[in-house]
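Heads up: the structure comes next, in structure tokens.
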Amino acid sequence: MKKKIIILTASILVFVLICCFVYFLLKKPAKTVIKTYGNIEIRTVDLSFQVSGNIKKMFVEEGDYVKEGQLLALLDDRDYRANYKKALYQEKESLAKAKDDNSKYQRNYPLCFDDTLSRQECTTLLNQKDLSNASYYKNAANREYQKLQLDYTKLYSPQEGIITTRVQEQGARINANQPVFVLSLTKPVWVRTYIKEEDLGNIKYGKKADVYTDSIDPKTGKKRQYKGFVGYISPISEFTPKTVQTTDLRVDLVYRIRVYIYDIDEYLRQGAPVSVEISLNDE
């Protein structure tokens, strides 16, 4: 009887050991890093004149780096300059008339109280003064408008960046707001990538990430590495885009995130494929 109990106990022990072995063998280790893939995204701006005209000068080419406020192109401004001068003279003329009518009103206003001037004459003096002042204000506003139109014949870079496309050429006739250049901004630069729903609870804003390009840095012999952080998490799930390469089925629901890059350089280009590693241990 004792022998049977010993055999039964040993069998149970072996079974428990086998179950524990299988459990630990099949148990997945806790995930410490989320690895995903994406593409570099850089904002671009269509640059255009706010007025129409003929392009007189273009100072930059495709691939040129430009600074904020740098002059990029000029329109033929002869018509706009003539309109500004005309508006300037009209303002001066109306100002002189307004001063004269205001002075006339001030001199004759006291005569309205002792009936030296009739009520009709007093009303005419007041109306003439008001009309002259209104004419001056209108011409002053027109002068400011024409000055703006003249200033709009110069195209400046709104931010620093790289000219990626030169849409027009010198001598071309363009309309207002018709693109002349396409500017690729240097900042911000981010990675558009996606994470699975099961990883959503481990991701938060500001989470640190490492970004790797496919290019090998000749100085280090390794892939170029950049530091970044999670700056956007989409609140809406979507099906995995066809352009995203993952080891999971494409029908899985994923969430789009942006990983903004700190150490931006000239090697990060629009659409370049990269891999992203987000550490779950970093706070």
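The values are calculated or read from the model by the stated rules, or taken from the named source; none is laboratory data. Owing to the predicted nature of the structure, the values given are computational and were not obtained by experimental measurement. Here the Cβ positions follow ideal geometry from the backbone for every residue, glycine too, while neighbour counts run over all protein chains shown. Surface areas here come from the heavy atoms of the whole protein model, side chains and all, with no ligands, DNA or RNA. Shrake-Rupley method; radii C 1.70, N 1.55, O 1.52, S 1.80 Å.
Quantify, in whole percent, the carbon and sulfur part of the accessible surface of the stretch 29-129 (1.4 Å probe; protein heavy atoms only).
48 percent
Check cross-link reach from LYS208 to the aspartates and glutamates: straight Cα distance under 17 Å, and skip same-chain residues fewer than eight apart.
Qualifying aspartates and glutamates at Cα under 17 Å: ASP199, ASP263, GLU277, ASP282, GLU283.
What does the highest-first list of 261-268, 107-114 look like by mean Cβ count within 10 Å?
Output ranking for 261-268, 107-114: 261-268, 107-114.
Using the structure shown, list the pairs from LYS35/LYS67; LYS57/LYS219; LYS57/LYS147 with a Cα-Cα distance above 32 Å, or answer none.
LYS35/LYS67; LYS57/LYS219
Would you pull out the residues with amide H under 5 Å of VAL189's amide H, same chain only if 5 or more places away, H placed 1.01 Å from N?
Amide H to amide H, under 5 Å and 5 or more residues apart or across chains, VAL189 pairs with ILE261.
If each residue of separation counts as 0.36 nm, what is the full-extension length gain between LEU131 and THR220 once their alpha-carbon separation is subtracted?
24.3 nm
Between the stretch 71-118 and the stretch 219-234, how far is it from one alpha carbon centroid to the other, in angstrom?
With the stretch 71-118 and the stretch 219-234 each reduced to a Cα centre, they are spaced 63 Å.
For ASP115, what accessible surface area do you get with a 1.4 Å probe? Give it in Å², rounded to 10.
That residue has around 130 Å² of solvent-accessible surface.
Using label points projected 7 Å from each Cα along Cα→Cβ, tell me how many nm separate THR44 and LYS97, to one decimal.
My value for the distance between the label points is 5.2 nm.
Along the Cα→Cβ direction, 7 angstrom out, place labels at SER118 and TYR232. What is the inter-label distance in nm?
7.4 nm
Please report Rg (one decimal) and Dmax (integer) in Å for the Cα set of the stretch 78-180.
23.3, 77
Using θ = phi - 60° and the Karplus form 6.51 cos²θ - 1.76 cosθ + 1.60, what ³J(HN,Hα) does each residue of the stretch 219-226 get, whole Hz, x for Gly and Pro?
Coupling constants for the stretch 219-226: 6, 9, x, 10, 5, 5, 10, 10 Hz.
For THR32 and TYR205 in the same chain, what is the full-extension length gain: residue separation times 0.36 nm, less their Cα-Cα distance, in nm?
Fully extending the segment from THR32 to TYR205 adds 60.6 nm.
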